[in-house]
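Working notes, beginning with the structure itself.
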Amino acid sequence: MLLVLVCLAQLMVILDVSIVNVALPSIKDGLHFSTTGLQWVVNAYTLTFAGFLLLGGRAADLLGRRRVFIAGTALFALASLLCALADSPSLLVGARALQGLGGAVISPASLAIITTSFAEGAARNKALGVWGAMGGVGGSLGVLLGGVLTQGLGWPAIFIVNVPIGLAVIALAPRLIPEGRSTLAHKHFDVLGATLVTGGLTAIVYGIVRTDTLGWGSLGVLAPVIAGIALLLAFLYVEGRVALAPLVPLSIFSRRRLRTANAAIFLAYAAVFAMWFFVSLYLQQVLHYDALEAGLSFLPMTLAVVLGTTLAPRLTARQGEGRVLALGMLLAAGGLLLLTGVRPGGSYLASVLPGGMLTALGLGLSLVPATIAAVSGVPSQESGLASGLLNTSRLIGGALGLAVLSTVAVSQTHTDAHGGASAASALSSGFQLAFGVAGAVSLLGALVALALRRERPQPAAATAPSAAT
């Protein structure tokens, strides 16, 4: 029951990364969003989730896992209610950012609860496998549920559904989840570090999405990008020289397998995350599916992700993390390149289903070996940090990939539209280019993954904690 409860909360958090995709056209019409502004319905959630994920884990260590888990769930449910009641673009984007903050608290707390509640060995590994599967299934299942709820009840339903789930989790948590906290002597949260890294990433993404209207060389693009880079450099300085208990101790990056796994999963999500976005728009704006039909169209892709996550542990045990991760990313690249065949006169069975299923299967195969590689050889006192870094790479890769690929697609669509192409033809042309670029990114990730074959796990040295730790 404890596992069901925490995985339900984790699934709720992951679903809200993708559940809005099918509802985006309805949200755009209902609240009068601009095309580029619409991305922030997705990115506001993703960036605050990723930026505060490590801080949420530190809060669970210091304040107690059950207490923080309940507080995060309450914040998430409240923010979901605000999203459903939003009557302007700014209010919806702000509420989505608040949702992301709640998710950043729930996710690491739920993982810590599982780690400390199940005995080390087979029982814990099975529990962690179920928890990890939520990340793969939630992405594709969210699109399916988004279509069903949007078509049947309207776009606010995709947010309001979180409220009764959140209340049920809050009611059951005190009975099922044991309280616990670490023995850390300090009470430092490194809020400055979390603020710098979130602000920096947000500024960079904002600059990127402005390129479709201002151009890459304009001040409106360069200024936020340069500001974002400066904030990230300040973050590195704070973590290395200032913070008493750094959000991210820079010494962890000395582990090559961890660096390689994070780079590969960053590229995987930069390529694949945008697929749900573009396929949803293609189905509704070019093939004229309604929200329910578009949502149901993602069911085979959900099953493909499940198949991939089921096969991955066995394949990894036989072939190693590097080969399976590379295979997954090669399959995803092939699927994305197949999706470049979308066109105005296309069909779901010919233009979408083969590429979509191959991409989803590749993603499912990639998740397990990347997680194993990222945490293998890491000392127990840094395992939570390693897991948090992997989740951060996944989410930031998805947000930046969506921003870049959306800019590429919109730019190509504008060019074709000004050249006299029909609206459907111009949209399809933009989607084709975006899928092609995403396929190239996934191929690059496969090459990075192959580096894991040449790297052996570094042993977890049992060293005494430093004064900073």
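Here are the numbers for this structure:
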| read-out | value |
| --- | --- |
| Residue match in the range 277-286 (condition: within 20 Å of residue 390 (Cα to Cα) and either at pLDDT below 85 or under 20 Å from the mean Cα position of the chain (by Cα) (or both)) | no |
| First in the range 9-26 and in the same structural domain as residue 96 (by TED's automatic domain parsing) and touching a residue at least 12 places away in the same chain (Cβ under 8 Å), second anywhere and surrounded by fewer than 24 Cβ atoms within 10 Å (Cβ to Cβ) and among the polar types (S, T, N, Q), Cβ under 6 Å, 6 or more apart | 25/284 |
| Lone qualifier among 214, 149, 172, 184 - being modelled with pLDDT of 90 or more, farther than 22 Å from residue 394 by Cα and in contact with a helix residue (DSSP H, G or I) (Cβ under 7 Å, 6 or more places away or on another chain) | 172 |
| Checking residue 76 against (1) touching a Gly at 6+ places or on another chain (Cβ under 6 Å); (2) not in a helix (DSSP H, G or I), the condition it does not meet | (2) |
| Test for residue 19: is it more than 20 Å from residue 389 (Cα to Cα) and at pLDDT below 90 | yes |
| Filter result (part of a helix (DSSP H, G or I) and either touching an Asp or Glu at 6+ places or on another chain (Cβ under 8 Å) or not hydrophobic (A, V, I, L, M, F, W, C) (or both)) within the range 88-103 | 89, 90, 94, 96, 99, 100, 102, 103 |
| Within the range 51-71, considering residues that are assigned to a helix (DSSP H, G or I) and within 18 Å of the chain's Cα centre (by Cα), the one surrounded by the fewest Cβ atoms within 10 Å (Cβ to Cβ) | 55 |
| So residue 84, is it under 16 Å from residue 48 (Cβ atoms), in contact with a helix residue (DSSP H, G or I) (Cβ under 6 Å, 6 or more places away or on another chain) and crowded, with 18+ Cβ neighbours inside 10 Å | no |
| Flag for residue 291 being at pLDDT below 90, over 22 Å from the mean Cα position of the chain (by Cα) and surrounded by 19 or more Cβ atoms within 10 Å (Cβ to Cβ) | yes |
| Test for residue 430: is it under 16 Å from residue 346 (Cβ atoms) and either assigned to a helix (DSSP H, G or I) or at pLDDT 90 or above (or both) | yes |
| Condition met for residue 116 (touching a residue at least 12 places away in the same chain (Cβ under 8 Å), surrounded by fewer than 18 Cβ atoms within 10 Å (Cβ to Cβ) and not assigned by TED's automatic domain parsing to the domain that holds residue 196) | yes |
| Enumeration of residues in the range 146-167 that are in a loop (DSSP other than H, G, I, E, B) and farther than 18 Å from residue 29 by Cα | 161 |
| Candidate set from the range 88-110 (those that are surrounded by fewer than 24 Cβ atoms within 10 Å (Cβ to Cβ) and not hydroxyl-bearing (Ser, Thr, Tyr)); member that is nearest to residue 69 (Cα to Cα) | 101 |
| Within the range 52-86, tally of residues that are in contact with a Leu (Cβ under 6 Å, 6 or more places away or on another chain) and farther than 25 Å from residue 173 by Cα | 1 |
| Answer residue from the range 265-276, given it is among the aromatic types (Phe, Trp, Tyr) and farther than 15 Å from residue 147 by Cα and is modelled with the lowest pLDDT among those | 273 |
| Lone unmet requirement of (1) crowded, with 24+ Cβ neighbours inside 10 Å; (2) within 30 Å of residue 127 (Cβ to Cβ) for residue 23 | (2) |
| Flag if residue 106 is within 16 Å of the chain's Cα centre (by Cα) and of a type in the set (Val, Ile, Thr) | yes |
| Total residues in the range 336-392, condition among the hydroxyl-bearing types (Ser, Thr, Tyr), assigned to a helix (DSSP H, G or I) and modelled with pLDDT of 85 or more | 5 |
| Count of the range 1-50 residues which are over 21 Å from residue 270 (Cβ atoms) and either part of a loop (DSSP other than H, G, I, E, B) or among the hydroxyl-bearing types (Ser, Thr, Tyr) (or both) | 7 |
| Selection status of residue 441, surrounded by 21 or more Cβ atoms within 10 Å (Cβ to Cβ), among the β-branched types (Val, Ile, Thr), at pLDDT 90 or above and assigned to a helix (DSSP H, G or I) | yes |
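The values are calculated or read from the model by the stated rules, or taken from the named source; none is laboratory data. In this text, all values refer to a predicted model and were calculated from it rather than measured experimentally. Every residue, glycine among them, receives a Cβ derived from its backbone with ideal geometry; neighbour counts consider all protein chains shown.
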